[in-house]
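Worksheet: one structure, shown below.
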Ligand SMILES: NC(=O)c1ccc[n+]([C@@H]2O[C@H](COP(=O)([O-])OP(=O)(O)OC[C@H]3O[C@@H](n4cnc5c(N)ncnc54)[C@H](OP(=O)(O)O)[C@@H]3O)[C@@H](O)[C@H]2O)c1
């Protein structure tokens, strides 16, 4: 059985990717930060469908904890799948933060850069020796890194996601010697718990965004989770170094 590691699997896009991959026969190690109940829900959904999943705590903003996380991964692989390697990594965990440029503090900047860029970089570096040759990585970027998704208040978030787009290409180049593909998905506005559950708190925002979207609605977690599963599948074996917009045609 193939095994995927998905960061931020306790809700939203990562939860969907975990379930979608499990439905395609992949074992899943998913991570959570604060929402353990959400992570256990993901595990329960996967097990109900006949799949196997393990939930582990991880703060992607604290790279000094990554070696201990790798040890937990090694134990989970051994105990649950009798393996010493895994196949796929999804660097998905992330949180939004809105502040206009002139209001952004150095602490905001440092926190976002640790979670959105430094975390994926060093987590991948830490886990790469455990990944099989011929494996695949998907990073979750954001349409906020593109001209059409640009909104005031997201300069640091969007810049870090833009950095992750570029990092995706460098990873694809360097990991290609081991046959490892690296791509990213760039979600448009997607109904998740992002922004302290902003879509539940501000439902009035949704119709305007839907009207700007060619396919006429906002995204749902499965819209993006399925795209992640597709990029990890054999059908995508000749795709690498790409940032795929998954937005239903936002701004078309
Ligand atoms: N929703 C959108 O409109 C949208 C658009 C573009 C890109 N994205 C990106 O999509 C990814 C997934 O977000 P989502 O929309 O699915 O939001 P979500 O429902 O809030 O899920 C975020 C996930 O990331 C985890 N997480 C947050 N900060 C973390 C940290 N420091 N360390 C470890 N895990 C952390 C959360 O864990 P806990 O809840 O357990 O703490 C949760 O599992 C993020 O990278 C986000 O930037 C989202």
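Based on alpha carbons, the Rg and Dmax found for the chain are 17.2, 52 Å. Summary of the geometry: region 100-147 and region 150-179, compared by the centres of their Cα atoms, lie 7 Å apart. Taking 0.36 nm per residue of sequence separation and removing the Cα-Cα distance, the residue 217/residue 170 pair yields an extension gain of 13.6 nm.
Spin-label pair residue 45-residue 103: with each label point 7 Å from Cα along the Cα-Cβ axis, the two points sit 3.3 nm from one another.
Considering only C-alpha atoms, what is the centroid distance from region 216-252 to region 1-66, in Å? For region 216-252 versus region 1-66, the Cα centre distance is 19 Å.
In degrees, nearest 10, range 0 to 90: what is the angle between the Cα axis of helix 155-175 and the longest Cα principal axis of the chain? For helix 155-175, the angle is close to 30 degrees. Tell me the angle of helix 221-232 to the major Cα principal axis of the chain, expressed in degrees between 0 and 90 and rounded to the nearest ten. For helix 221-232, the angle is close to 50 degrees.
Of the peptides 1-12, 193-204, the ranking by mean beta-carbon count within 10 Å, highest at the top, reads 1-12, 193-204.
Gain on full extension, evaluated as 0.36 nm per residue between residue 150 and residue 206 minus their Cα-Cα distance, stands at 18.5 nm.
Label-to-label distance for residue 65 and residue 122 is 1.3 nm, based on points extended 7 Å past Cα in the beta-carbon direction.
Each reported figure results from applying straightforward, stated rules to the coordinates on display, with no laboratory input. Since the structure is predicted, the reported quantities are computational estimates derived from the model, not experimental observations. Positions of Cβ are generated from backbone atoms using ideal geometry, with glycine treated the same way; all protein chains shown enter the neighbour counts.
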